[in-house]
Each structure stands twice: as structure tokens, then as C-alpha cells.
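The values are calculated or read from the model by the stated rules, or taken from the named source; none is laboratory data. Quantities reported herein were computed from a predicted structural model and do not represent experimental measurements. Note that each Cβ is placed from the backbone with ideal geometry, even for glycine, and that neighbours are counted across all protein chains shown.
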Amino acid sequence: MTPDARLDDGELDVGIAGAISRLRLLWLLPKALFGKHTTDRAVTMLRCRRLHIRADQPIPVHADGEVLTASARQLEITLEPGRLLVVVAPGRV
């Protein structure tokens, strides 16, 4: 969902979709598959090293396809460069 993200820039790329209708979401999702959603006015793209999220109502939290919790009200994400070794096939970066 963040097509401009880089493994080696030391920054976390974040895509945020504002409150939109289900119909609008259905229209936006195919664009996201091709990385064309980033210029849509309902989407905000940002880069950071640390992200703090607070929600009025419980929200689900997923990481790499795994459900971490279904009812978070606060979430803090901190990027820690160099903490994870990522092995990539030659010519794939």
C-alpha cells in the first residue's frame, strides 16, 4: 500500500485513508493494487521514524498478515534501523 517505500532509507512509509464510504473504498482498492491510490484526496501518504495512533473505538491491528489484536485503542510503532536482517535475491532491490 506504500509503493514508494524503500527497505534501506530508515523511514517507515504510512498510507492513511480518511473516513470514506464503502462504495468509495471499493472504488479505491483496485487503484491501490497498482499503486495509483497515493494521489487520491482521501489518502494521505507520509514518512516517519515513529508513529503513535490513538483511537476512540477499538481497532484491529495486523502485522504482515497476522492479527496482533482485535481491540487496540493505542498503538506506537518505532522504526529501529538495522534490527532486522532482510535477505533479498540479487537484482531484486
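Entry remark, region 1-49: residues being surrounded by fewer than 10 Cβ atoms within 10 Å (Cβ to Cβ) and among the basic types (Lys, Arg) number 2 in total.
Suppose we filter Leu68, Leu79 for residues that are modelled with pLDDT under 90 and surrounded by 10 or more Cβ atoms within 10 Å (Cβ to Cβ); which single one remains? So that I can check it myself, show each step before the final result.
Working: Leu68 fails: modelled with pLDDT under 90.
The conditions single out Leu79.
For region 65-93, the set of residues classified as touching a residue at least 24 places away in the same chain (Cβ under 8 Å) and either assigned to a loop (DSSP other than H, G, I, E, B) or in contact with a Gly (Cβ under 6 Å, 6 or more places away or on another chain) (or both) consists of Leu79, Pro81, Val86, Val88, Val93, listed by residue number. Since Ala55 meets every condition but one in (1) closer than 18 Å to Met1 by Cα; (2) modelled with pLDDT of 90 or more, which condition does it not meet? For Ala55, the failing item is (1).
State yes or no: is Thr2 among the polar types (S, T, N, Q), in contact with a strand residue (DSSP E or B) (Cβ under 7 Å, 6 or more places away or on another chain) and in contact (Cβ under 8 Å) with a residue 12 or more places away in the chain? Considered against the rule, which asks whether it is among the polar types (S, T, N, Q), in contact with a strand residue (DSSP E or B) (Cβ under 7 Å, 6 or more places away or on another chain) and in contact (Cβ under 8 Å) with a residue 12 or more places away in the chain, Thr2 comes out as yes.
When every residue of region 19-35 is checked against the conditions, at least one turns out to be among the basic types (Lys, Arg), in a helix (DSSP H, G or I) and in contact with a His (Cβ under 9 Å, 6 or more places away or on another chain). For the structure I just gave you, tell me whether His37 is modelled with pLDDT under 95 and in contact with a helix residue (DSSP H, G or I) (Cβ under 6 Å, 6 or more places away or on another chain). Judged against the criteria, His37 is a match.
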